[in-house]
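The values are calculated or read from the model by the stated rules, or taken from the named source; none is laboratory data. Small disclaimer: the values here were computed from a predicted structure and weren't measured. So basically every Cβ, Gly included, is an ideal-geometry build from the backbone, and we count neighbours across all protein chains shown. With ligands, DNA and RNA removed, areas are computed over all heavy atoms of the protein, side chains included. Shrake-Rupley method; radii C 1.70, N 1.55, O 1.52, S 1.80 Å.
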Amino acid sequence: MKLITEIMEEKALPIVDKIYNDGFIQGLINADLSYEAVEHYLKADALYLENFSDIYAILLAKSNDKDEKNFFLDQINFVLNEEIAAHKNLADYVGRDYQEIIKGGEWYPSADHYIKHMYYNAFAFGMAEALSAMAPCPWIYKMVARKILANHNLAEDHPLKFWVEFYADGLVDVVLTEYYKIINREAEFMSEEGKQRLIKNFLESCEHERRFFNMSYTQERWELEV
Ligand SMILES: Cc1ncc(CN)c(N)n1
């Protein structure tokens, strides 16, 4: 019997190739990604990661297991204080100060839909539903980064090699193992409908990941302003 998380990853594989072949990642590989795309990404992603850590805090409060709480605590620290290294590599590529770049960011449409998908599951359902919607965040980046390294021998002085290696790093497998342990454990007590929701949450977030990259590549914005 396949684990729910094995089914999730199998069904999501096609989107990894699509993201890899879309403009943002191809531009990153060729180091000709526009500064506008990178700045848009950083404005959106700084807010995305802030909210991602807030959702981890919700899950920390929901958990009644100290080891799980410490996992979420570690992840909050990673997202708030360590992942910024990947953002700084993108800011260096643009040649501007990171804090200056991210000023004036907002939840552009595709980022908005993604963040609300995670919050909705955290508030309306439980930890497994939230983690199923959050798992593509580490998983998609791991899969895309490893595909770049498998298909390209990035030069030592490639300006975005650090970003690729940051997300390809083996540490992500430890994080996903913890996510999947919780999701598969909770799925044991779920109806068929509940299990389908977990899979759907994961697949939708994989599509949100693709839309997020394309949002940056096209500098997607809301049409109507306040
Ligand atoms: C939108 C998004 N998805 C995933 C990641 C990788 N943690 C990220 N920084 N931003």
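Some notes on this structure:
- The number of residues in segment 185-199 being under 19 Å from Pro138 (Cβ atoms) and either open to solvent by 20 Å² or more (accessible area, probe 1.4 Å) or β-branched (Val, Ile, Thr) (or both) comes to 3.
- Given (1) open to solvent by 10 Å² or more (accessible area, probe 1.4 Å); (2) assigned to a helix (DSSP H, G or I), number of the condition Ile182 does not satisfy: (1)
- In segment 46-67, the residues that are of a type in the set (Lys, Arg) and outside any helix (DSSP H, G or I) form no Cβ pair under 6 Å with any partner that is at pLDDT below 95 and within 11 Å of the ligand (Cβ to nearest atom), whether six or more places apart or across chains.
- Cβ-Cβ under 7 Å pairs, at least 6 apart or on other chains, segment 99-127 side touching a residue at least 24 places away in the same chain (Cβ under 8 Å), far side of a type in the set (D, E, K, R) and open to solvent by less than 30 Å² (accessible area, probe 1.4 Å): Asn121/Glu129
- In segment 89-120, the residues that are within 13 Å of the ligand (Cβ to nearest atom) and either farther than 16 Å from Leu47 by Cβ or assigned to a loop (DSSP other than H, G, I, E, B) (or both): Asn89, Gly105, Trp107, Tyr108
- Residue identified as in contact with a helix residue (DSSP H, G or I) (Cβ under 8 Å, 6 or more places away or on another chain), over 30 Å from Glu192 (Cβ atoms), surrounded by 14 or more Cβ atoms within 10 Å (Cβ to Cβ) and of a type in the set (A, V, I, L, M) among Ile4, Ile29, Ile15, Ile55: Ile29
- Met127 vs. criteria of a type in the set (A, V, I, L, M, F, W, C), over 23 Å from Leu28 (Cβ atoms) and open to solvent by 10 Å² or more (accessible area, probe 1.4 Å): yes
- Under the condition of being in a loop (DSSP other than H, G, I, E, B) and either within 13 Å of the ligand (Cβ to nearest atom) or among the aromatic types (Phe, Trp, Tyr) (or both), the residues counted in segment 185-219 number 1.
- Residue identified as more than 14 Å from the chain's Cα centre (by Cα), of a type in the set (A, V, I, L, M, F, W, C) and within 16 Å of the ligand (Cβ to nearest atom) among Ala61, Ala31, Ala85: Ala85
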